[in-house]
Amino acid sequence: MKKILLALSLLSLTAIGYAEIVVKDAWVRATVPQQKATGAFMQIRSTKDVSLVEVQTSAAGMAEVHEMKMESNVMKMRALPQLNIDAGKLVELKPGSFHIMLMDLKAQAKPGETIPLTLVFEGKDKKRELIEVKAVVKSMMATEGRM
């Protein structure tokens, strides 16, 4: 019995090690027919310093991490080479701020569907970790006024 408890304890410690990066509340803004781009949003927290360096998806020809911010009273958007996630800090990808742009969409993103995303994180040691996310598509009415 003690061996079983020890084995379970070691397994739980291993599971904690793999739960260093947590992604939650992932969603994508719905599109209208023929629309070729949309945004993906979520919350990311990590127990160690990492950077989001790449996003992959089968739903679009290209996915990039972007930032929107005001510069001289003009809202500007630009692609980022990476998004740093500091240990213990919550980073929120949200409309009007950091987000993932999905471009050259292969189909309309309809409310209730899910979009698969693979987030590629890199630690200071240059090791990469892939996190699979299923982002729920939300209607434009539900997200109105957010971007």
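Some points to look at:
- Residue in segment 84-96 that is hydrophobic (A, V, I, L, M, F, W, C) and not in a strand (DSSP E or B) present: yes
- In segment 95-139, the residues that are within 13 Å of the chain's Cα centre (by Cα), exposed (fewer than 13 other Cβ atoms within 10 Å of the Cβ) and over 14 Å from residue 51 (Cα atoms): 116, 132, 134
- Selection status of residue 137, closer than 22 Å to residue 46 by Cα and either assigned to a loop (DSSP other than H, G, I, E, B) or of a type in the set (Val, Ile, Thr) (or both): no
- Residue in segment 70-83 that is assigned to a strand (DSSP E or B), surrounded by 13 or more Cβ atoms within 10 Å (Cβ to Cβ), in contact with a strand residue (DSSP E or B) (Cβ under 9 Å, 6 or more places away or on another chain) and at pLDDT 95 or above present: yes
- Among residues of segment 51-69 being buried (at least 16 other Cβ atoms within 10 Å of the Cβ) and over 16 Å from residue 133 (Cα atoms), the one that is modelled with the lowest pLDDT is 68.
- Restricting segment 28-69 to residues that are assigned to a loop (DSSP other than H, G, I, E, B) and of a type in the set (Ser, Thr, Tyr) leaves a set whose member that is nearest to residue 122 (Cα to Cα) is 47.
The values are calculated or read from the model by the stated rules, or taken from the named source; none is laboratory data. These figures come from a predicted structure and were not determined experimentally. Note that each Cβ is placed from the backbone with ideal geometry, even for glycine, and that neighbours are counted across all protein chains shown.
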